[in-house]
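Take a look at the structure below.
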Amino acid sequence: MAEKAEFQLEEAFEQIEQLLGKLSDRKVSLEESFRLYQQGMKLLKLCSDQIDQVEKKMLQIDEEGQIHEFS
């Protein structure tokens, strides 16, 4: 899983896509399905956390050209 210092969103999305493919396989056991689901949820949380960090760093420019932090 992508829990390294430089977490890449694209990499995580690819991993999530692979997990979804495995989950759609009817041959996957219930236990394996739960493990894959948990792994996917961890990846989604990492993605969400990183997106939140980026949003906090974004700036908004108002009609008068002044820069404000995005909230």
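Worth pointing out:
- Modelled spin-label separation between Tyr37 and Ile67, with each label point placed 7 Å from Cα along the Cα-to-Cβ direction: 4.5 nm.
- Solvent exposure of region 6-55 as accessible area per residue, Å², 1.4 Å probe: 78
The values are calculated or read from the model by the stated rules, or taken from the named source; none is laboratory data. Being a predicted model, the structure only gives us computed values, none of them experimental. Because the Cβ atoms are built from the backbone with ideal geometry, glycine has one as well, and the counts that use them run over all protein chains shown. Each accessible area value is taken on the protein alone, full model and side chains, heavy atoms only, with ligands, DNA and RNA left out. Shrake-Rupley method; radii C 1.70, N 1.55, O 1.52, S 1.80 Å.
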